[in-house]
1. Could you list, in sequence order, all residues of segment 142-168 that are among the hydrophobic types (A, V, I, L, M, F, W, C) and assigned to a loop (DSSP other than H, G, I, E, B)?
2. Out of all the residues in segment 53-69, which are of a type in the set (Gly, Ala, Ser) and either at positive phi or in contact (Cβ under 8 Å) with a residue 12 or more places away in the chain (or both)?
3. When you check Leu139 against the structure, is it part of a strand (DSSP E or B) and in contact with a Lys or Arg (Cβ under 9 Å, 6 or more places away or on another chain), yes or no?
4. Could we say that Ala164 is at pLDDT 90 or above, surrounded by 18 or more Cβ atoms within 10 Å (Cβ to Cβ) and under 30 Å from Gln56 (Cβ atoms) here?
5. If you go through segment 341-354 one residue at a time, do you hit one that is free of Cβ contacts under 8 Å to residues at least 12 places away in the same chain, in a helix (DSSP H, G or I) and closer than 23 Å to Leu296 by Cα?
6. So Ala217 passes all but one of these: (1) more than 30 Å from Trp351 (Cβ to Cβ); (2) at pLDDT below 90; (3) of a type in the set (A, V, I, L, M); (4) surrounded by 18 or more Cβ atoms within 10 Å (Cβ to Cβ). Which condition number does it fail?
7. Which condition from (1) modelled with pLDDT under 90; (2) part of a helix (DSSP H, G or I); (3) of a type outside the set (D, E, K, R) is the one that Leu240 breaks?
8. Would you pick out the residues in segment 371-383 that are without any contact (Cβ under 8 Å) to a residue 60 or more places away in the chain and of a type in the set (D, E, K, R)?
Amino acid sequence: MKNKMSRKSRIVSAGDTVRWAICFSFFIFHFSFISAQTLSLDDCLTLAEQGSVAQQNARLDILAAQAQRGEARTLWFPTVQARALGFQALNPLLTIGLGDVLGHSDGANILRYYLETEGHLYGINTSYAALLNGYTTALTLTQPLYAGGRIVSGNRLAALGVEAATLKANVAVRDDRLAVEQKYWLVVSLEDKQQLLDGGLQLLDTLMRDVRSAIDAGLALTSDLMQVQLRRDELVSDSLRLASGLRLARQDLLNTIGLESQQVVLTTRLTDLEAPEHYYVSEEEAAARADESQLLQLQVKAKQLERRLALGEALPEVGLGASYGYGRLLGTSPRGNGLVFASVSVPITDWAKTSRKTRRIGYEMQQAANEQAYLSEQLVLRVRQAWEELTLCWQQLDVATRSVDTALTLFHQVERSHAAGMATTTELLQAELTLRTARNTLTDRRIAYAEALSRYRALTK
């Protein structure tokens, strides 16, 4: 009897110690949340959008595409160039003698001889030298009139680049939102399971008090108390492991949304979930307006414009221009002069190269069209799979809800039977385990449905 009482006192002492430790931890945990920051799911999505590197880079891609479109637009306007030239030669670059002017006939030779011997008497120079030094400045304006369609195609291609960058940014936002929602619901799931464990511990504490009273009254055995204690120790171990996972999951969420390590309270919970039919969208319609589908269409259009650009390289270029210059090249005094001009450039030797280039781009254009047709079908299948997953999760959620109702009814029956002495402690513990497992499964099914709904709505928005 003495050993039995000693063992009982050790069980009670160990149970009290664990209970006080958990109560103290529970008090510290909740006290730390007095000044904690509250975050809803929308708050987390907004913070993630502000701090996401992928979304920042996507926005930079849009700005770069817009700048490239502005660069292409400048090709419509005339180009203006300013030039300046100055030189000093060792010898005149231009020397003209009488032979260059008169030729070398007999009469020209006689006249040249007479001028060379007597011309200086009349102030006549027999040679002319120029371009020993000089300078000139010029301002030239050139307006392209026709460039083989390359200016038009280039501007259209740049506009497609802005559309493609915007669609890619939308995809980046969607992927980040899905990642944040998944991490958010993981934290919510672990918090809900932590609450279930806390409720299980409170139930076992009550059961331990009842079993002790029954032992004191001689209505129960010490083995019953030991069974309760073992189950309670198991829940304490699960609670410690779950708390560790919850800390890591919460830290992962904070890192994703760009917050430093701090205490946060998540306010969004899964309540009033709508059936899948409330969110249904036609598969073909959803696939057609998906960002990926539009990107595929832009890819085909871009290849068509690249082919037009290549063809334009083999077509003539026509332009008008005007130039005005001022300087001193011939003579001793500077002067100005201007001119207007028209230019036509016809490539001749590039026809073979352009032909092969357009043929290569044509093959790539066909590849893009084939890829669009294939991936469009894959997008339809992807939406269909998302819908099947959503309906399956809803059905599983419905089953889990009914299982909780059944497990709760069973637990209350066993609890009443145990209080009347008609059920053993083992049966009550088994009923509690069944109820807790059913509630955990219900939490998992709710989270799974929320994640499936997020994926489906991301594909069908």
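1. From segment 142-168, those among the hydrophobic types (A, V, I, L, M, F, W, C) are 145, 147, 151-152, 157-160, 162, 164-165, 167; that's our starting set.
The answer is Ala147, and nothing else.
2. First, the residues of segment 53-69 that are of a type in the set (Gly, Ala, Ser): 54, 58, 64-65, 67.
Residues satisfying the conditions are Ala54, Ala58, Ala64, Ala65.
3. Values: part of a strand (DSSP E or B): yes; in contact with a Lys or Arg (Cβ under 9 Å, 6 or more places away or on another chain): yes.
Here the answer is yes, as Leu139 does meet what is asked.
4. Details: at pLDDT 90 or above: yes; surrounded by 18 or more Cβ atoms within 10 Å (Cβ to Cβ): yes; under 30 Å from Gln56 (Cβ atoms): yes.
Considered against the rule, which asks whether it is at pLDDT 90 or above, surrounded by 18 or more Cβ atoms within 10 Å (Cβ to Cβ) and under 30 Å from Gln56 (Cβ atoms), Ala164 comes out as yes.
5. No, because not a single residue in segment 341-354 is free of Cβ contacts under 8 Å to residues at least 12 places away in the same chain, in a helix (DSSP H, G or I) and closer than 23 Å to Leu296 by Cα.
6. (4)
7. The single condition Leu240 does not satisfy is (1).
8. Taking segment 371-383 and keeping what is without any contact (Cβ under 8 Å) to a residue 60 or more places away in the chain, we get 373-374, 377-378, 381.
Result: Glu377, single match.
The values are calculated or read from the model by the stated rules, or taken from the named source; none is laboratory data. Keep in mind it's a predicted model, so treat the numbers as computed, not measured. Cβ sites come from the backbone with ideal geometry, for glycine too, and all protein chains shown count toward neighbours.
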